[in-house]
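Since the structure comes first, as structure tokens, the remarks are kept for the end.
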Amino acid sequence: MLRTIIEKELRDIIGSTKFAVTFGVCALLIILAFYVGARNYQVSRVQHDAAVAENLRQMEGITDWMMVEHHVFMPPNPVSSLVTGISNDIGRNVEIHGRGELTAEDSRFNDDPIFAVFRFLDLDFIFQVILSLFAILFAYNAINGEKEQGTLRLAFANSIPKDTFILGKLIGSFLALALPLLIPILLGSLLLPLMGIPMDGNDWQKLALIILAGFLYFGVFLTLSTWVSTLTHRSANSFLLMLILWMFAVLIIPRTAVLLAGRAVDVLPVDEIATQKSRLMSQLWEEDRKTMKDFKPSTEDVQKVLDEFNRFMQDQAEERQKKMQALSGKLYEQRRNGQLQQQQLSFWLARLSPTAAFSLASMNLAGTSLSLKEHYMDAVKSYQQTYSNFFKEKTGGMLKSGGFIMRRMGGEENQPPPIDPTEIPAFEYRRPTIGASLGAAMGDLGLLTLFNLIFFAGAFVSFLKYDVR
Amino acid sequence: MTTPENTPETIQPMMATRNLSKRYEDGVLALDSLDLSVNPGQIYAMLGGNGAGKTTTINLFLNFIDPTEGEAIVDGIITHQEPLKAKAKIAYVSENVMLYPNFTALQNLDYFSHLGGKTSYSAEDYQKVLLRVGLQEEAHDKKLRSYSKGMRQKCGIAIAILKDAPAILLDEPTSGLDPKAGMEFINLLQDLRDEGKAILMSTHDIFRAKQVADIVGIMNAGKLVAEKQREELVGEDLEKLYVEYMTGYMDTAVQATDASVTVG
């Protein structure tokens, strides 16, 4: 009996013109999303390689390591091209100093602001907006549509248990709608190697999990629509109700959650941090200037005087840096704590919507969630230490940052040989492993499963009481 | 030769109601203490206007609603106690047969036959039945969305035949049929009766009821106000009788002393 209902559902949905049209549109958009993602990756890869080469090129001919301006760049990630998350909003380029704070600059949207206007057509958008509507379009009248059509009455003139019927409807409609979507997804996935996108095993697993999350999300709207169709007797009403629920889930709840969390938790503004730092810096400079007056060389040899002065300035700079770092660390920690609280609150509120749960899960899996910036900056800070050691080795213990160094210029015949930029240790950014990504997404995947179970149970219980006449 | 086992009094009715009543939540009494029975090989026609209780009776047999009092029984099974078991014994044709518009007649027949527990039919079996109900062969593979009401009605009847249930419920089955199709339908009903099916039919069509029914029950405001056997209708003007009961039941029928009329 169950099989009969599932088969009928498959045949009824797949044989309809509505399915042919909407599936065609969805398939096109999915393949387009893969293509656009692959193209974006290629563009980002070219930009990244060019930036790395330019970084080395601008060091050519430099004879003094103290003159080097070294940058590192975030390498593009194939999966993040498919689920962009915040990857285009954060800076990719960091100038590395031997010490001190590091700032990431030049985000993709900063370079090409036009893309920030409507954002990219990625898998996250396709699932969030298009496929949720696709699910609603086919399930809003799952039960009341059959009642209006008269087939429900005829079906229940037979010995069909209601639980078997609703189970068959749900399984059948899920299979009829979700399985065909695998075709464009597989075709799109095939595009990646064909377009030379280097997906490794980790990337494929992440992509598979993103698609799984997408299907769980799709299932949420399917079960919710079916439930709504058992609560109303007219399909027009259930369609209207589902559209309202969709608007709340996709558009209103996530935005309102961020707004409410922003109101509820105060975060120390960057401007305030900058003001406090600037104030301290002025104060420290003032103090250092007074100390500089007390500098008395122990010798009259010019080179030794310069060395002594440089050491003196270096010590002062380090002392200043320590104090600045102490204040900066305190302020940024305060800001970070506020942001974390705000973030947690907004995410918890947003998770009332399955759309937010899906979005967070897919971004965590793709490595483009809010933690991307932190992850990248942690890697850069770790590299800063390596670079600092290398730099000290090259400059005899001196670092370049925030102070000034005096040099005695010699004639051209005394010019030291140019530095070799390839000696600089390479920056390697390791993306989160599949285990780490899955760990971060597990809560939201569980939540999506829970939404499915709740809505399925709702549809099930409601249909047991449904008047089939 | 009549033996005590098979006299009309001893045959167990295939369909029966005992003191069957239904009062809806809004207080409307849709059916009031209905007692009727339909034996195998009998056609029972329920005549009555809108709101007379005919469809409510059918809904109670199909357990689409629960009775307030009494019971509907199919082959000895009380429908609201064992609905699935009871429905296995019933085939049903609604007033306005609506099937899946994206399916062909054959696909619709296949689906509903499977729901009815008949899984061994072949496409030829479906075609035979469709031809039997008067649906031309060229229409068998067409999608139902192109069908007229009459054609859909024929499909509905074919579904009921394929279920091969001992009891058949028909809710205004001839309402969408042209006179020729109506006549074919009557012949079909007679064939089914001859096969031993018990048929309970609600209808407005007095002419067809008189033509085919073994028993005619007249219903008004949820009550069975008159019940006549086929032989009692010979020479009787059923239309006149019907109008009389429908319009003047309170004034005339209660006072009727004619032994052949049962006042419900």
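What follows draws every value from the coordinates through simple rules; no lab data is involved. Because the structure is a prediction, the values reported are computed rather than measured. Glycine gets a Cβ as well: all are built from the backbone with ideal geometry, and neighbour counts include every protein chain shown.
Quick notes
- Chain A: angle of helix A:371-395 to the longest principal axis, Cα-based, in degrees nearest 10: 20
- Remark: mean inter-chain Cβ contacts per residue of A:144-152 equal 3, using a 10 Å Cβ-Cβ cutoff to other protein chain atoms.
- Put in order of Cβ neighbour count within 10 Å, fewest first, the listed residues B:V225, B:V74 become B:V225, B:V74.
- Ranked packing of B:93-105, B:182-194, A:152-164, most packed first, by mean Cβ within 10 Å: B:93-105, A:152-164, B:182-194
- Partners for B:K85 among lysines (Cα-Cα distance below 20 Å; same-chain residues under 8 apart left out): A:K162, A:K465, B:K118, B:K163, B:K197
- In this simple spin-label model, placing a label point 7 Å from the Cα along the Cα-to-Cβ direction at both A:E308 and B:D35 gives a separation of 13.0 nm.
- Sites A:V25 and B:E239, calculated FRET efficiency, Cβ-Cβ separation with R0 56 Å, nearest 0.05: 0.45
- Two-decimal ratio, the stretch B:97-164, of alpha-carbon radius of gyration to 2.2 N^0.38 Å: 0.95
- Alpha-carbon centroid distance for the pair the stretch A:435-459 / the stretch B:10-57, whole angstrom: 51
- Candidate cross-link partners of A:K394 among the lysines, defined by an alpha-carbon separation under 20 Å and a same-chain spacing of 8 or more, comprise A:K304, A:K381.
- Phi angles across the stretch A:133-148 convert, under the Karplus curve 6.51 cos²θ - 1.76 cosθ + 1.60 with θ = phi - 60°, into 3J(HN,Hα) values of 5, 4, 5, 4, 4, 9, 10, 4, 10, 3, 9, 5, x, 5, 5, 5 Hz, Gly and Pro given as x.
- Across peptide B:98-108, the mean count of Cβ atoms from other chains lying within 10 Å of each residue's own Cβ comes to 4.
- Acute angle (nearest 10 degrees) that the helix A:235-246 long axis makes with the longest principal axis of chain A, alpha-carbon atoms: 10
- Take each residue in A:2-14, count the other chain C-beta atoms within 10 Å of its C-beta, and the mean is 3.
- Cβ-based exposure ranking for A:S173, A:S238, in which fewest neighbours within 10 Å come first: A:S173, A:S238
- Annotation for A:F248 and A:L194: the two label points, set 7 Å from Cα along the Cα-Cβ direction, are 4.3 nm apart.
- Computed [θ] at 222 nm, helices only, for chain A once each DSSP H run of length n ≥ 4 contributes -39500 (n - 2.57): -23000 deg cm²/dmol
- With contacts taken as Cα pairs under 8 Å and at least 6 residues apart, chain A reaches a relative contact order of 28 percent.
- Cα→Cβ-extended label distance, 7 Å offset, between B:E231 and A:I114, nm: 9.5
- Residues whose placed amide H lies under 5 Å from that of B:V38, excluding near-sequence neighbours: B:M14, B:M15, B:A16
- Fully extending the segment from A:Q283 to A:E333, taken as 0.36 nm per residue of separation minus the present Cα-Cα distance, adds 15.8 nm.
- Residues whose amide H lies under 5 Å from that of A:T433, counting only those 5 or more places away or on a different chain, are absent; hydrogens are built 1.01 Å from N in the peptide plane.
- Efficiency of FRET between A:D266 and A:Q47 - r from beta-carbon atoms, R0 60 angstrom, step 0.05: 0.95
- Normalised contact order of chain B, rounded percent, pairs of Cα under 8 Å and 6 or more residues apart: 25
- Per-residue Cβ neighbour counts within 10 Å put B:L241, A:L245 in the sequence A:L245, B:L241, beginning with the fewest.
- Dividing the convex hull volume of the alpha carbon atoms of the protein assembly as shown by its residue count gives 194 Å³ per residue.
- For chain A, the longest principal axis of the C-alpha atoms and the axis of helix A:302-350 are separated by about 10°.
- Built amide H within the under 5 Å cut-off of B:E95, gap 5+: B:D171
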